[in-house]
1. I need the phi-derived Karplus couplings for the stretch 69-85: 6.51 cos²θ - 1.76 cosθ + 1.60, θ = phi - 60°, integer Hz, Gly and Pro marked x.
2. For GLU211, what residues show an amide H to amide H distance below 5 Å, using hydrogens built from the backbone and excluding near sequence neighbours?
3. Between LEU179 and ALA72, take the C-beta separation as r, use R0 = 35 Å, and let me know the FRET efficiency to the nearest 0.05.
4. Sort 128-135, 178-185, 205-212, 161-168 by packing, meaning the average of other beta carbons within 10 Å per residue, with the highest value first.
Amino acid sequence: MIPTASWSPRRRTPRLSALALGLAIASVCATPAEAQRRSRPAREGATEQPSATEQPSPAPEGASSTSGLSEADRAQARALFQAGAAAVDAGRWADAVASYRSAFDLTGAPSALFNTGYALRALGRYREAREAFRQLVALPNVSDAVRAQAEELLDEVRTRIARVRLGGLDPSTRYGVRLDGIGIDDSGARPLFVEADPGERAIDVMLSGHETFTWSGTLADGALLDVPVVLTPLASGGGPSVLEEPWFWVVVVGVVLIGGGIATYFVLDDQAQLRPESPMVIRL
């Protein structure tokens, strides 16, 4: 099947270097006084997007959310940001995601969440990146400039998520649906749309008494693909299985009991034959 639509970039978003992503360490690890001083925008009223060598605007917003951290937590946050920046520098985006997520869980700093979304975007994990940027723009301690940049990236990753439209499903029935082996909710909407990141994907649709329907293929950025679902009833076999017949189990139980009695007889008889018959044997 051929996707009916594919993504094309509407506009080029800025790329941030590892240096830019890592500069948020300064605000996370600053003392409260330093954090207050750094919370002022670097350039008042600036509207242009930062270049690859400029500090991203999310960095200062981490200050207010980290002012209550202990020294141990500050040291851990510093290490996590440094690990994230090093991972970005080496192209290890998955490691960067892990570090920045941990940093956000620890500090609640918008800079850490911004970097998490950006690293997810680089990995092509657009659904997770969308959630990260959604969460970021909803935070109260984010400047207008940062919010605008996050919203721009949010708009972009939304257009890159592929959608598979499952047709032929009964509106009154709820189906088991899996994407790459992971269960997803059947909301009851018909047709049912399944969102997926681009790449090799597999979708299963299941219904009791039917064979599992499976579609697999490659989804392009922003693809919209129609997949008609056809579920085949399981073969009945023309009648109940012999295992379901009561007489079958009566016979089985009888054979087991008779066989056990015969085995016991032979064991006892064998022991009797081995018992020595001599005058030394005392019989009661």
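Please treat every number below as a calculation from the coordinates, not as lab data. Remember, predicted model here, so these are calculated numbers, not experimental data. So basically every Cβ, Gly included, is an ideal-geometry build from the backbone, and we count neighbours across all protein chains shown.
1. 6, 6, 4, 5, 5, 5, 5, 5, 5, 4, 5, 5, 5, 5, 5, x, 5
2. Hits under the 5 Å cutoff: THR232, LEU234.
3. Working: r = 40 Å, r/R0 = 1.15.
The computed FRET efficiency comes out at 0.30.
4. Working: 128-135: 20.9, 178-185: 11.8, 205-212: 13.8, 161-168: 18.2.
So the order, starting with the most tightly packed, is 128-135, 161-168, 205-212, 178-185.
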